[in-house]
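Report on the structure given below.
Just so it is clear, none of the values below were taken in a lab; they were calculated from the coordinates. All values derive from a computational prediction rather than experimental measurement. Note that each Cβ is placed from the backbone with ideal geometry, even for glycine, and that neighbours are counted across all protein chains shown.
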Amino acid sequence: MNQADFPKILGFCCRWCSYAGADLAGSMRLQYPPAIRIMMVPCTGRVDILHLLKAFELGFDAVFVSGCHIGDCHYLAGNIRTVKRVAKLKKDLAAMGIEPERLEMFHVASGEGPKFATVCREMFARAQKLGPNPVKREARAAWLAKQPDAEIAA
Ligand code: FES
């Protein structure tokens, strides 16, 4: 694995809130890791469990969904449904051998650029701590071999 490929993080961002928050973070020249890839969605309610699983299958080390605050969704309850989906998938990921911490849901408004940058740094730190996604077997084995407690972690 190319070192530049780790960590790879995907964020599904609602166009009404978090995508604008990401824009604001950029306008404010706030620093966050370049490993974050942002996918704009019309509402977090559009993000299905299959989209999240596909992201992990494609090798993203961490995935987050970021949308409007509860009560602010432009489609009324899209974000509430996705909060439930993410919570359910976190349980299922654990059963699949993928650490649930690799997935998270956040609420970031359009005026919360600094919060968006914090979310990105948080997911980057989690991915770095957890190592490569277990789907990337070779990369994960190489990473584990470099860890001081690799025998425990393996
Ligand atoms: Fe933003 Fe639904 S419109 S989460």
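Could you tell me how far the Cα centroid of the stretch 121-145 sits from the Cα centroid of the stretch 1-47, in Å?
19 Å
All other residues with a Cβ under 12 Å from the Cβ of H69 taken together, and with Lys, Arg as +1 and Asp, Glu as -1, what is their net charge?
-1
Pull out the extension gain between K84 and R37, defined as 0.36 nm times the separation in residues minus the alpha carbon to alpha carbon distance; nm, one decimal.
Contour length minus Cα-Cα distance gives 14.6 nm.
Of K8/K129; K8/K90; K90/K146; K91/K146; K54/K136, which ones are farther than 24 Å apart at the Cα?
Long pairs (Cα-Cα over 24 Å): K90/K146; K91/K146.
Using 0.36 nm per residue, how much length does the chain from L50 to K146 gain when fully extended, once their Cα-Cα distance is taken away?
Contour length minus Cα-Cα distance gives 31.3 nm.
Rounded to whole Å and sorted largest first, what semi-axes of the equivalent ellipsoid does the C-alpha gyration tensor of the stretch 1-139 yield via the square root of 5 times each eigenvalue?
For the stretch 1-139, the ellipsoid semi-axes come out as 23, 19, 11 Å.
Between H107 and residues 5 or more places away or on another chain, which pairs have amide H atoms under 5 Å apart, with H built 1.01 Å from N, and which residues are they?
G67
Explain nothing, just compute: Karplus ³J(HN,Hα) = 6.51 cos²θ - 1.76 cosθ + 1.60, θ = phi - 60°, for every residue of the stretch 77-90 in order, whole Hz, x for Gly and Pro.
For the stretch 77-90, the Karplus-derived couplings read 10, x, 6, 5, 4, 6, 4, 5, 4, 5, 4, 5, 5, 4 Hz, x marking Gly and Pro.
Taking only DSSP H segments of four or more residues, each worth -39500 (n - 2.57), what value at 222 nm results for the chain once the sum is divided by all its residues, to the nearest 500 deg cm²/dmol?
-13500 deg cm²/dmol
Nearest 0.05, what FRET efficiency do H74 and R121 give at R0 = 22 Å with Cβ-Cβ as r?
0.25
Could you compute the net charge surrounding G45? Neighbours are other residues with a C-beta less than 13 Å from the C-beta of G45; K and R count +1, D and E count -1.
+3
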